[in-house]
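What follows is a set of notes on a single structure, which appears directly below.
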Protein chains: 2
Amino acid sequence: MDLPRLRRQALVTLPDWTAAYLQTVPEPNDDIGFIELAVSLSRQNVEHGTGGPFGAVVVERDTCRIVSVGVNRVVPLHNSSLHAEVVALMLAQAAVGSYSLDDPGIPPHALYTSCDPCAMCLGAIWWSGVRRVVCAASTEDALAAGFDEGPVFADSYAYLEARGVEFVRGLRREAARQVLMSYVEGDGKVYNG
Amino acid sequence: MDLPRLRRQALVTLPDWTAAYLQTVPEPNDDIGFIELAVSLSRQNVEHGTGGPFGAVVVERDTCRIVSVGVNRVVPLHNSSLHAEVVALMLAQAAVGSYSLDDPGIPPHALYTSCDPCAMCLGAIWWSGVRRVVCAASTEDALAAGFDEGPVFADSYAYLEARGVEFVRGLRREAARQVLMSYVEGDGKVYNG
């Protein structure tokens, strides 16, 4: 068969403002600092109109070095898989040069995300090799803003925790929740509402 | 902060053999034909050494037109999110020019996949807007080959079905299972084993 319209590639990009914005921010070195950066990226993404109200950061734990950042790019890039966590994990793996952040010889990594992961992102976390996840807003906050996170259950977290992934939830929750609400009040696009 | 090593983009690509291979295959027009194509893509991907033993196809249901194909690209592209289903959904949305295959004015779409979706892909299906999913090999077959699909439960399927996503499972299961086993016997990389 001949399929001339078949796409053979898709590009995943950060918004143009990211690099310049990061230069204005002091480098964090603890949980509070990294989660505040994830939340501030979510806020910047809303203010620039470059995607949904979600931000994420991947950090090398031993050195506190930032390996990647991500923001939601679903609407502008026509790609429903580009949640902030997935973007950050993809860019971290590209930086490390491996499909796993848990390979032998690779130091441990953590993910900071402005909102509890949806079903897809929990699965992406499982495959990614990050061993620690710190979240701000809750699944309930996302739902209140109109985002249905899909089939995420208490057992989903238990499954990952039993396999060595640590979760810390609710850190700077209120700040992150306010970004979600500001997005809705600004008539931001809520998909799967 | 200055982060000169930060990656700003990642590229998602099909293997080079895809277009030439599709030209050798007759165009399918029913469930059996589309699932056999998904399975044959998984087999080709193993034989070419271009990723894991998984293939997928997105189809416009009314016209039986193929909108995209995908294969697993995790190891070669250093990207643990590039399962066959995610690649196919990303390329379908790029072709349609929308983050949702369920937008008003867009005809209904189906996903054919050579294996039951993992936790991440079930979540990706939920966001993608496909309303019908046809699968070949089972979650148990994947696990027997060493792939732990993550937190997928009977309730995960029930959640999506309750929201209008139809699943047909086990179609051409044995053919797909054989591809999984041939990958393992050929010492293919099994991640999260």
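Coordinate-derived values only; no laboratory data. Since the structure is predicted, the reported quantities are computational estimates derived from the model, not experimental observations. Every residue, glycine among them, receives a Cβ derived from its backbone with ideal geometry; neighbour counts consider all protein chains shown.
Over the stretch A:110-169, the reciprocal of the mean inverse Cα-Cα separation, the Kirkwood hydrodynamic radius, stands at 11.5 Å. Counted by neighbouring Cβ atoms within 10 Å, the residues B:C64, B:C135 run from fewest to most as B:C64, B:C135. In chain A, the calculated helix contribution to ellipticity at 222 nm averages -12000 deg cm²/dmol per residue, counting -39,500 (n - 2.57) for every DSSP H run with n ≥ 4. By the beta-carbon count within 10 Å of each Cβ, the least crowded to most crowded order of A:D116, B:D62, A:D141, fewest first, is B:D62, A:D141, A:D116.
Per residue, the convex hull spanned by the Cα atoms of the stretch B:52-112 measures out at 71 cubic angstrom.
Restricting the calculation to Cα atoms, chain B yields a radius of gyration followed by a Dmax of 16.2, 55 Å. The ranking of B:V130, A:V165 by Cβ neighbour count inside 10 Å, starting from the fewest, reads A:V165, B:V130. Taking 4 °C and 1.567 mPa s as the conditions, I'd like the Stokes-Einstein D for the protein assembly as shown in µm²/s, using the Kirkwood hydrodynamic radius from alpha carbon pairs. The estimated diffusion coefficient comes to 63 µm²/s. Look at the alpha carbon pairs under 8 Å that are at least 6 residues apart: their mean separation over the length of the stretch B:17-129 gives a relative contact order of 24 percent. If the Kirkwood radius is taken over C-alpha pairs of the stretch A:89-193, then at 37 °C and 0.692 mPa s the Stokes-Einstein diffusion coefficient equals 224 µm²/s. DSSP assigns beta bridges within the stretch A:55-193; of those with both partners inside it, close to 60 percent run antiparallel. When the inverse distances between all different Cα atoms of the stretch B:93-134 are averaged and flipped, the Kirkwood radius reads 10.8 angstrom.
For the stretch B:74-180, what is the relative contact order in percent, using Cα pairs closer than 8 Å and at least 6 residues apart in sequence? Contact order relative to length: 26 percent.
The 3J(HN,Hα) values that the Karplus relation (6.51, -1.76, 1.60; θ = phi - 60°) gives for the stretch A:58-74 are, in residue order, 10, 10, 7, 5, 5, 9, 6, 7, 6, 8, 7, 10, x, 9, 5, 10, 4 Hz. Gly and Pro appear as x.
With a Förster radius of 35 Å applied to the beta-carbon distance between B:E140 and A:A154, the computed FRET efficiency rounds to 0.90. When only alpha carbons of the stretch A:1-83 are considered, Rg and Dmax amount to 15.6, 55 Å.
Placing pseudo-labels 7 Å out from each Cα toward the beta carbon at A:E185 and B:E166 gives an inter-label distance of 4.4 nm.
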